[in-house]
Structure formats: structure tokens, C-alpha cells
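Visitor: Pasting a structure below so you can have a look.
Please treat every number below as a calculation from the coordinates, not as lab data. What you are looking at is a predicted structure, and each value in this text was computed from that prediction instead of being measured. Cβ: placed from backbone, ideal geometry, glycine included. Neighbour counts: every protein chain shown.
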Amino acid sequence: MVNNEEMAMKKKLLIGLIATLSWGVSSAETVLNVGLIDQDRAPYFYRSGDDGQIRGAYIDILNIIGEKLDVTFTYKQLPQARIRLYMKNGQLDLEPGIAQDWRLEPGEIKATVYTDTFYRSEEVIVYNPKQFKQTKVDISDFDQLIPCSILGFNDFKLINVNTKNEIATEKQSIHLLKLNRCDYALFPIDVIKPEIEQGYLERTKPVAIYNLRFRLAKKYQYLLPEFNRQIKLMTESGEITRIMNEHTE
């Protein structure tokens, strides 16, 4: 026969178990599926040669934000066209490093929301110096030349460009520039820096600056205030600059 003391003990244990289970359900973290294009874009993101894990500045920034928001991220590398489609139909939840005027197709504006700017990307024209007789090259010198245009990426519009070579990846574009198969291409300074340092290619001064944001599926709009708060804190503390420098050096 169970005495009152044992009954009280069992009741306490039951209440504790229910509380633990309830806490586990209510505190379950949110998991967001992140779309990354299927080519490395160091320092932003790249697959490590050591263990095959995806690393990079975007990953580090999201990890810090995720710790504060109790959010985790899973990363899927896909063709850019598929990322845009999946963001529209809800199969992906987040696309990092996007300027708002890059995603203006029907349905894209309605389906997504943007955080505040977390990074400003300077874009430059990259070229093979063997293409030019002069050592000092001006942006106007590219007006009549043929660019390597990377499929799905934003183009810098020069006045008289009517022809372009459409390339699948940035790596292919760099290779064709070295072979003089196209005349120039547009790159973020951060991405092209290692190639410039090798001395085969050169770049102009910045021709465009883009405000990069995290693009979220609209159902996660409720996360925006806290995303923006963390971005502000990381920007003011210099953390984002430190992370970018760490993956650029």
C-alpha cells in the first residue's frame, strides 16, 4: 500500500517531468534552411578542404546571430536560379548577402523581407592588363569591350555594351580573363583580392557599392527586429569587420 509520502514524491516527479517536457517543446529552436550558390565565394562562404564543411564570413555572422535568437541554420548549395525559385515557393528560408534591387522578379518582393544592411560590398571591374597598351586604365576604356557576364549575377551597365560572354561560374570567368577570351568582368573586391595579388589581373577603382542584407522568407518576418538588433551590435562593435578580415587574409 502506497503511503502519503510516496504519493507526494510521485506527484512531484510527475510535475517535474511534465514541466521538463513542456519546456523542451516550447524552447525548441527554429531551424532555417539557407540557400548558397553552388560555387565557392570566399570570403563569404566556401567548402573547407580539411573536412568538407561550409565555412566563411556569412556562416560566422549567422552563427552569432543564431546563438542570440535560438535559431540554427542548415546550408544547401544550389544553382542561383533554383535558390530564387525556392525562396519564392517557401522551400528555402534565407538567402545571405543580397541587395534589395537584385531580387525584383514577380513574386520575389511579395514572398520575402530584408534585414538591415550588414555589409557594404564594393564592386570593381577586373581585367587582363595585356589587353591595354596604356598602363592607366579608365572605366570609359571598357565601353566597347566584351565582358564575361556570370549567369544570375548583377551586371554593371556600361554605355555601349551590346555583346557579352555568359559564364556559369566566377572561376570560369577568371580563367577566360587570363586567356584574353573576354575583356573584363565585375567582381566584389573581397572575392577577387587573392587573384589580384597574384599579379595576372588588375582591377579598377570601385564602380558600384551594394548594401548586402539577409533575405528572409516572409513567414519569418517576426525575426527581423532581433536580426536587426544583432546586426547593429555587431556592426558597432567591429565584429563584422573582424570576421570579414579573418576570412580575407
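Visitor: Residues with beta-carbon under 13 Å from that of Ile109, excluding Ile109: net charge, scoring Lys, Arg +1 and Asp, Glu -1?
Guide: Charge balance in the 13 Å sphere: +3.
Visitor: How far apart, in nm, are the 7 Å Cα→Cβ label points at Gln172 and Glu108?
Guide: Distance between label points: 2.0 nm.
Visitor: Right, something else. Which of Lys68/Lys219; Lys110/Lys171; Lys76/Lys218; Lys68/Lys171; Lys136/Lys178; Lys193/Lys218 have a Cα-Cα distance over 24 Å?
Guide: Lys110/Lys171; Lys68/Lys171; Lys193/Lys218
Visitor: Now, a different point. Sort Val31, Val137 so that the residue with the fewest other Cβ atoms within 10 Å of its own Cβ comes first and the one with the most comes last.
Guide: Lowest count first: Val31, Val137.
Visitor: Could you sort the peptides 65-72, 219-226, 82-89 by per-residue average Cβ neighbour count (10 Å cutoff), highest mean leading?
Guide: Taking the mean over residues of other Cβ atoms within 10 Å, the ranking is 82-89, 65-72, 219-226.
Visitor: Gln53 versus Thr74, label points 7 Å from Cα toward the beta carbon: distance in nm?
Guide: A separation of 1.8 nm, rounded to one decimal place.
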